[in-house]
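Chemist: Structure incoming, see below.
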Amino acid sequence: MARKQFDLIVFDWDGTLMDSTLTIVKCIQAAARDLSLPVPRDDAAAHVIGLGLHEAMQAVLPDIDPAYYPRMVERYRYHFLSRDHEISLFPGVHDMLQELSQNGYFLAVATGKSRVGLNRAMNDVKVLSLFDATRCADETFSKPHPAMLQELTRELGQDMRRTLMIGDTTHDLLMANNAGAASVAVQYGAHPADQLAACNPLYSAQTVAELHQWLSEHA
């Protein structure tokens, strides 16, 4: 195998590994409907995916009484919990992760999900054993703050310059930029390709298969 460019590969979860974008959008909209608040458009709801839950609700409905935000979070969680068993990994993700793990990369997750939510999702799709470390938004600063990547590299004893962040939102790519890590975008998640390109990722994959091939050849 050619000499590796990276030692640590960090993945976002929702919209990057997990096919959950549409479900999250619908749950944000249902939460707003429950509270008789303005219902965000699909693109507005998709744009806040990747942020911590409280930050996401503030961003998607910036003009409401702040007292509603905790209730939005509670209603969102109610709707998401009723549907999260329907969500699966994107086809090809499990094989890609298994191959990367076997090839000696450290693998990690940096996500806007809560710790409870991520652990449940990883258990459900049986990938817990493939990851060396994970960081969630309720444990540290929300993206695009660099803290998640800083903490993961520190925990695993890795060099930020040999760390790659992979995500479907500008929040992921800007976090990598802020931390001094490299990034790769995926175009099949929450944010449009032109917004991802503006963050200067090394590569932008249209499919999991393209991502897998790029990682095999270049990571």
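The values are calculated or read from the model by the stated rules, or taken from the named source; none is laboratory data. Everything numeric here is computed off the predicted structure, so don't read it as measured data. Positions of Cβ are backbone-derived with ideal geometry, glycine not excepted, and every protein chain shown enters the neighbour counts. Accessible surface areas use protein heavy atoms only, side chains included; no ligands, DNA or RNA. Shrake-Rupley method; radii C 1.70, N 1.55, O 1.52, S 1.80 Å.
Chemist: Test S82 against the stated conditions and say whether it is open to solvent by 10 Å² or more (accessible area, probe 1.4 Å), without any contact (Cβ under 8 Å) to a residue 24 or more places away in the chain and hydroxyl-bearing (S, T, Y).
Modeler: Working: open to solvent by 10 Å² or more (accessible area, probe 1.4 Å): yes; without any contact (Cβ under 8 Å) to a residue 24 or more places away in the chain: yes; hydroxyl-bearing (S, T, Y): yes.
Criteria met by S82.
Chemist: Are any of the residues in segment 38-45 closer than 30 Å to H212 by Cβ, open to solvent by 30 Å² or more (accessible area, probe 1.4 Å) and in a helix (DSSP H, G or I)? Even if it seems obvious, please write down each step before you answer.
Modeler: Filtering segment 38-45 down to residues closer than 30 Å to H212 by Cβ leaves 42-43, 45.
Filter once more, so that each one left must be open to solvent by 30 Å² or more (accessible area, probe 1.4 Å): 42-43.
Checking which are in a helix (DSSP H, G or I) leaves us with 42-43.
The answer is yes, given that some residue of segment 38-45 is closer than 30 Å to H212 by Cβ, open to solvent by 30 Å² or more (accessible area, probe 1.4 Å) and in a helix (DSSP H, G or I).
Chemist: Report whether or not R33 is farther than 30 Å from L211 by Cβ and open to solvent by 80 Å² or more (accessible area, probe 1.4 Å). Before the answer, list the steps.
Modeler: Details: farther than 30 Å from L211 by Cβ: yes; open to solvent by 80 Å² or more (accessible area, probe 1.4 Å): yes.
Criteria met by R33.
Chemist: Which residue, of Q150, Q206, is open to solvent by 40 Å² or more (accessible area, probe 1.4 Å) and under 27 Å from S88 (Cα atoms)? Steps first, please.
Modeler: On the way: Q150 fails: under 27 Å from S88 (Cα atoms).
The conditions single out Q206.
Chemist: Can you name the number of the only condition in (1) over 15 Å from the mean Cα position of the chain (by Cα); (2) not in a helix (DSSP H, G or I) that R77 fails?
Modeler: (2)
Chemist: Could I ask something else about it? Taking the criterion of being crowded, with 17+ Cβ neighbours inside 10 Å, among the aliphatic types (A, V, I, L, M), assigned to a loop (DSSP other than H, G, I, E, B) and free of Cβ contacts under 8 Å to residues at least 40 places away in the same chain, would at least one residue in segment 52-69 satisfy it?
Modeler: yes
Chemist: Follow-up. Could you please find all residues in segment 157-184 being surrounded by fewer than 17 Cβ atoms within 10 Å (Cβ to Cβ) and on the phi < 0 side of the Ramachandran plot? Show your work before the answer.
Modeler: Within segment 157-184, the first condition is being surrounded by fewer than 17 Cβ atoms within 10 Å (Cβ to Cβ), and the residues that meet it are 157, 159, 161-162, 178, 180.
If the condition is that a residue be surrounded by fewer than 17 Cβ atoms within 10 Å (Cβ to Cβ) and on the phi < 0 side of the Ramachandran plot, then D159, R161, R162, N178 are the ones that fit.
Chemist: May I pose another question? Report yes if D7 is over 18 Å from A121 (Cα atoms), in contact (Cβ under 8 Å) with a residue 60 or more places away in the chain and more than 16 Å from the chain's Cα centre (by Cα), otherwise no. So that I can check it myself, show each step before the final result.
Modeler: Numbers: over 18 Å from A121 (Cα atoms): yes; in contact (Cβ under 8 Å) with a residue 60 or more places away in the chain: yes; more than 16 Å from the chain's Cα centre (by Cα): yes.
Criteria met by D7.
Chemist: When the residues of segment 121-171 are filtered to those that are acidic (D, E) and touching a residue at least 24 places away in the same chain (Cβ under 8 Å), which remaining residue is nearest to A193 (Cα to Cα)?
Modeler: The qualifying residue nearest to A193 (Cα to Cα) is D168.
Chemist: Tally time: how many residues in segment 7-28 are touching a Lys or Arg at 6+ places or on another chain (Cβ under 9 Å), of a type outside the set (S, T, Y) and either in a helix (DSSP H, G or I) or surrounded by fewer than 22 Cβ atoms within 10 Å (Cβ to Cβ) (or both)?
Modeler: Counting residues in segment 7-28 that are touching a Lys or Arg at 6+ places or on another chain (Cβ under 9 Å), of a type outside the set (S, T, Y) and either in a helix (DSSP H, G or I) or surrounded by fewer than 22 Cβ atoms within 10 Å (Cβ to Cβ) (or both) gives 3.
Chemist: Inside segment 90-139, can you point out the residues that are open to solvent by less than 70 Å² (accessible area, probe 1.4 Å) and assigned to a loop (DSSP other than H, G, I, E, B)?
Modeler: Residues satisfying the conditions are F90, G92, N103, G104, Y105, G112, K113, S114, V125, V127, F131, A137.
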